[in-house]
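Below is one structure; the comments refer to it alone.
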Amino acid sequence: MKALTHNQQQVSTPPKLHPPSFNEAKNRRQKVRSAGMNPDYWYAVEYDRAIKPGQVIEVKFWNTSIALYRTGNGQLVALENRCAHRQLVLSLGQVNGDRLVCCYHGWGYNKEGRVVDIPHDLFDKPMPVCKIRTYPVQVRYGLIWIFPGDSTLADKRQIPKIPELEGKNRWACVPLDFTWQAHHSMIIDNVSDFTHAYLHRRYRPFTDAKLIKCKQEGDKVFVSYETKVGTGKVSGMFVDRKRVNTNFMELCYEYPYQWSNTDNKIKHWCFILPISEQRTRVFFLFYFDALIVPFTKIKIPQWLMTSVLKIANPLLIKPLLAQDGVAVEAEQNGYNTHFNAPIIELNPAVHLFQLLTIRKWEEYLGLAEKVQHNESRSYM
């Protein structure tokens, strides 16, 4: 027999498999873990304090790059992050008054996305007519919000109204944010599914959770738990259990946002920014009306609450949420390897979260296909 050559003796390495795309998905889990988020909503992208006059940064929504800058007089502007000339990202440029200037050839864009200045020779050609996309921008609750979808819908779709955080007697709130290497649906599952109390056994934000309500109404999934809220050794000392029923919590996945409510005294909102398929920024807004001075019955006044939260957030809330970050990133890594594993999910609320995310993405894709079809017909 003819001896095998060295190359023939080597065993070929099978190609590495990757999780399926949304169109390739074969079951609910694969669909939800590849679904995008409908861009026709307002999304929190950055803190208002983070961008000074004359500063420009890049933010991303589902792989779409946006140049966000503040003009010299303080107005926020969001433009498609590319120069129409050579396609450089405009976030590498600089702000000049109310214009954003490309770093390469100095082409200047006004707030409407039009090229209004070209500092070099035009070679006897007329000023080119160039316009890039603009995005509606708002500031609310100390956050900058961008509407990345159809701008004609921006006035119809409202930023969530949080009356406790507005007006003269607003509650104190010091937002927290994280950027996690995980799909946005994993985070939605995490923040509303209380079966993971074991993960937080050190801080004990909730224990002994029992699901008592789980229903979908339109684009909302309402969940209620009988649970013991705020039983940690340190955090529990601040909870006024005589004034607050801490044995019950309501939550809602109000697409694409999430909130919770404990007896109308302890509340939070979670705002998700899907940066890409496996990268998500999350803004948490916790606000309270029932905290007390430890070892007393004295309620902490709202004017002092901001200072309390600035201390409590890094000491208690941020480490707690960091545990969730470790978990969802580990889940993402596990899914990347075992995406074909059987689905074993016990909490019916998670099923509803995932079905809502899938449906909203399918609705958007269907609309996008209609728009693309109409545009293609207009060129025929």
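Every number here is computed from the coordinates shown, using simple stated rules; none is lab data. In this text the structure is predicted, and so the values were computed from the model without any measurement. So basically every Cβ, Gly included, is an ideal-geometry build from the backbone, and we count neighbours across all protein chains shown.
Observations, loosely collected:
- Helical contribution to [θ] at 222 nm, DSSP H n ≥ 4, -39,500 (n - 2.57), averaged over the chain, rounded to 500: -7000 deg cm²/dmol
- For the chain: relative contact order, % (alpha-carbon pairs under 8 angstrom, 6 or more apart): 17
- Three-way shape call for region 29-95 based on the alpha-carbon gyration tensor, with the a/c threshold at 1.5: oblate
- The overall shape of region 204-353, judged from the alpha-carbon gyration tensor, is prolate: a/c is not under 1.5, and a/b is greater than b/c.
- Mean separation of Cα contacts under 8 Å, 6 or more apart, over the residue count of region 113-193: relative contact order %: 16
- Within the shell of other residues whose beta carbon sits under 10 angstrom from the beta carbon of residue 162, the net charge comes to +2, with Lys and Arg scored +1 and Asp and Glu -1.
- Summed side-chain charge close to residue 81 - residues other than residue 81 whose Cβ falls under 10 Å, Lys, Arg +1, Asp, Glu -1: +1
- Ellipsoid fit via the Cα gyration tensor, region 120-180: semi-axes of 39, 15, 12 Å, each the root of five times an eigenvalue, largest first.
- Using a cutoff of 8 angstrom between alpha carbon atoms and counting only pairs six or more residues apart, the relative contact order for region 20-94 works out to 19 percent.
- Close Lys pairs in region 184-297 (alpha-carbon distance under 17 Å; sequence gap of 8 or more, or different chains): 8.
- Per-bin percent of Cα-Cα distances, region 176-279 [10 Å]: 14, 43, 34, 8, 0
- Along each principal axis, taking the top coordinate minus the bottom one, the Cα set of the chain gives 83, 79, 43 Å in descending order.
- Total formal charge among the other residues, if their Cβ is under 12 angstrom from that of residue 318, Lys/Arg +1 and Asp/Glu -1: -1
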